[in-house]
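See structure below.
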Amino acid sequence: MCGILAVLGVAEVSLAKRSRIIELSRRLRHRGPDWSGLHCHQDCYLAHQRLAIIDPTSGDQPLYNEDKTVVVTVNGEIYNHEELKAKLKTHEFQTGSDCEVIAHLYEEYGEEFVDMLDGMFSFVLLDTRDKSFMAARDAIGICPLYMGWGLDGSVWFASEMKALSDDCERFITFPPGHLYSSKTGGLRRWYNPPWFSETIPSTPYNALFLREMFEKAVIKRLMTDVPFGVLLSGGLDSSLVASVASRHLNETKVARQWGNKLHTFCIGLKGSPDLKAAKEVADYLGTVHHEFHFTVQEGIDALEEVIYHVETYDVTTIRASTPMFLMSRKIKSLGVKMVISGEGSDEIFGGYLYFHKAPNKKEFHEETCRKIKALHLYDCLRANKSTSAWGVEARVPFLDKSFINVAMDIDPEWKMIKRDLGRIEKWVIRNAFDDEERPYLPKHILYRQKEQFSDGVGYSWIDGLKDHANQHVTDSMMMNASFVYPENTPTTKEGYYYRTIFEKFFPKPAARSTVPGGPSVACSTAKAVEWDASWSKNLDPSGRAALGVHDAAYEDTPGEAPASADPVSDKGLRPAIGESLVTPVASATAV
């Protein structure tokens, strides 16, 4: 992952302003420690901090078209760049970077090229011929992007909030699947898949086709010029990623460069469920496995740094980000710069344990749609920022555009959990890889119960976090929480503790509005809490809160300090996506 910062239309053009842009861009250097770049054109600045994955020797940014009239700063990977370059026969490319194709596509097609990109990305492009600019973010929001406005009329874009929060009067999370054009002055959605309308699909389940599409998604993410590995928790999703990557590694260029043995990585408290399962999968696949341990105290000691990097106070995100943050540091110390991970499967296939209580296929499907639309605020944010904190790039094949289209087009009746038919959560993907002749995984791993990452690293991790928060947050603090934090009021001591740390780093109202709120159980949306009346008394994002479903569910409702009434609207996404600027529509429409 790289770090980008763009400031366009500043009132003051001076050496002091240039120095300030460099200083702010430096706050993103953890994302791209390999090189720094800055392009200045009159009152516009495009800065870049590079993590070199493709073409490390000549792909420094910003990147340009042939005569340097089009400038672009990009964070991400374009997996189909060679195919796109083949369509641009009259263009001359200066580097081997996969991202350079963006400048040439704009030159050829104008602003309507974004849907041609197959990859994860956020970018800002400046056309110096008329001083127009555009910015865009990938379909699901794998790569982070923020947008802000200065009092001097300037428009800002940055990979992380910390690069613009001090200098912008207001800023928002740039919505995924959207582009901003200075020509129209507004955001519009470029990503308009059939599932976005939440209409119930009716396509029959085709196991072999689903398997084929996922294998293609993994294979295209083996595109790298640097050492890489797979994050392996031992759960279904990461194990499938590791299995497919291991099976196809020999066919890739990276195998010739760095060897044909796949490296896998896992972290947990000693004796945790994930460590045991991951070791078994690694042995089965024959990978070079790296097992890392951490203690509850080491995790607690890292909390402030984690919150600074992931830029959220959401409880479940912080719980899961901390071990991932610690693991990424270990991975980087081994010389690895890219990892492939299993995020997204639970949202697409209804893998969270609360989906057991979905009353019908309509509500099941609508909840999966809501979960995918919110991924950029939760798992995508965690996976990207926890790894980028140490200059490691995370790729997520389950969030491949083509794969999502196929998976979300399946009649949701097939995804419903039906124990009487032997269908547990995510049965459709488990069954797709249940190959008797050439097994991808051992059967008991293929059918292992869903374990959320923050639980799987060791149950005492969450219990330790709650105990730590109880020692630092008093009952009187909770009684007054609605007055101190009237927006997204914390309802638990753990949530209050994280909020105080977040506010220390990001004190502006705009910052707290980038974090979603609302009730949740076992990672559900607020709407799904209605599926079981008992859940409203047990609002905890841990998978163990799915009473009657998780094998190690809480025996009683976890005790929490008294909290004031939560004034937060159930519309948990409302404050986080800049609703005043974006209106969801069925087709790309200027706002």
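The values are calculated or read from the model by the stated rules, or taken from the named source; none is laboratory data. Small disclaimer: the values here were computed from a predicted structure and weren't measured. Here Cβ is always computed from backbone atoms with ideal geometry, including for glycine, and neighbour counts include all displayed protein chains. Heavy atoms of the whole protein, side chains included, go into the accessibility calculation; ligands, DNA and RNA do not. Shrake-Rupley method; radii C 1.70, N 1.55, O 1.52, S 1.80 Å.
Between Phe398, Phe355, which is within 28 Å of Tyr313 (Cα to Cα), touching a residue at least 60 places away in the same chain (Cβ under 8 Å) and either over 19 Å from the mean Cα position of the chain (by Cα) or surrounded by fewer than 18 Cβ atoms within 10 Å (Cβ to Cβ) (or both)?
Phe355
Within segment 2-46, count every residue that is within 30 Å of Ile340 (Cα to Cα), aliphatic (A, V, I, L, M) and either in the same structural domain as Glu393 (by the TED database) or not in a loop (DSSP other than H, G, I, E, B) (or both).
Residues that pass the stated criteria total 6.
Go through (1) under 16 Å from Phe349 (Cβ atoms); (2) touching a His at 6+ places or on another chain (Cβ under 8 Å); (3) open to solvent by 30 Å² or more (accessible area, probe 1.4 Å) and name the single condition Thr203 misses.
Unmet for Thr203, out of (1) under 16 Å from Phe349 (Cβ atoms); (2) touching a His at 6+ places or on another chain (Cβ under 8 Å); (3) open to solvent by 30 Å² or more (accessible area, probe 1.4 Å): (2).
When segment 133-163 is examined, which residues are found to be small (Gly, Ala, Ser) and open to solvent by 10 Å² or more (accessible area, probe 1.4 Å)?
Answer for segment 133-163, where residues must be small (Gly, Ala, Ser) and open to solvent by 10 Å² or more (accessible area, probe 1.4 Å): Ala139, Gly150, Gly153.
For Lys493, only one of the following conditions fails: (1) at pLDDT 95 or above; (2) within 24 Å of the chain's Cα centre (by Cα). What is its number?
Unmet condition: (2).
Can you find a residue that is of a type in the set (Asp, Glu), touching a residue at least 40 places away in the same chain (Cβ under 8 Å) and closer than 22 Å to Phe403 by Cα anywhere in segment 167-188?
no
Mind checking which residues of segment 401-442 are hydrophobic (A, V, I, L, M, F, W, C), open to solvent by 50 Å² or more (accessible area, probe 1.4 Å) and either farther than 27 Å from Pro359 by Cβ or touching a residue at least 40 places away in the same chain (Cβ under 8 Å) (or both)?
Hit for segment 401-442 is Trp414, nothing else.
Looking at (1) open to solvent by 20 Å² or more (accessible area, probe 1.4 Å); (2) free of Cβ contacts under 8 Å to residues at least 24 places away in the same chain, which is the one condition that is false for Glu111?
The single condition Glu111 does not satisfy is (2).
Which ones in segment 93-126 are of a type in the set (Asp, Glu) and assigned to a helix (DSSP H, G or I)?
Asp98, Glu100, Glu107, Glu108, Glu111, Glu112, Asp115
Only one of (1) over 25 Å from the mean Cα position of the chain (by Cα); (2) under 14 Å from Phe123 (Cβ atoms); (3) open to solvent by 10 Å² or more (accessible area, probe 1.4 Å) is not met by Gln61, so which one is it?
Status for Gln61: all satisfied but (1).
Considering every residue within segment 188-208, establish whether at least one is in a strand (DSSP E or B) and not hydroxyl-bearing (Ser, Thr, Tyr).
Taking every residue of segment 188-208 in turn, at least one turns out to be in a strand (DSSP E or B) and not hydroxyl-bearing (Ser, Thr, Tyr).
From the list Glu12, Glu83, which one is modelled with pLDDT under 95 and open to solvent by 10 Å² or more (accessible area, probe 1.4 Å)?
Glu12 is the lone residue from the list that is modelled with pLDDT under 95 and open to solvent by 10 Å² or more (accessible area, probe 1.4 Å).
Here are some residues: Leu421, Leu441. Which one is out of contact with any strand residue (DSSP E or B) (no Cβ under 9 Å at 6 or more places or on another chain), at negative phi, in the same structural domain as Glu347 (by the TED database) and at pLDDT 95 or above?
It is Leu441.
Can you find a residue that is assigned to a loop (DSSP other than H, G, I, E, B) and in contact with a helix residue (DSSP H, G or I) (Cβ under 8 Å, 6 or more places away or on another chain) anywhere in segment 380-388?
Scanning segment 380-388, I find no residue that is assigned to a loop (DSSP other than H, G, I, E, B) and in contact with a helix residue (DSSP H, G or I) (Cβ under 8 Å, 6 or more places away or on another chain), so the answer is no.
I'd like the full set of residues that are open to solvent by 20 Å² or more (accessible area, probe 1.4 Å) and in contact with a Lys or Arg (Cβ under 8 Å, 6 or more places away or on another chain), limited to segment 457-471.
If the condition is that a residue be open to solvent by 20 Å² or more (accessible area, probe 1.4 Å) and in contact with a Lys or Arg (Cβ under 8 Å, 6 or more places away or on another chain), then Tyr459, Lys466, Asn470 are the ones that fit.
Out of the residues in segment 517-548 that are over 21 Å from the mean Cα position of the chain (by Cα) and modelled with pLDDT of 80 or more, state the one that is surrounded by the most Cβ atoms within 10 Å (Cβ to Cβ).
In this case the residue turns out to be Ala528.
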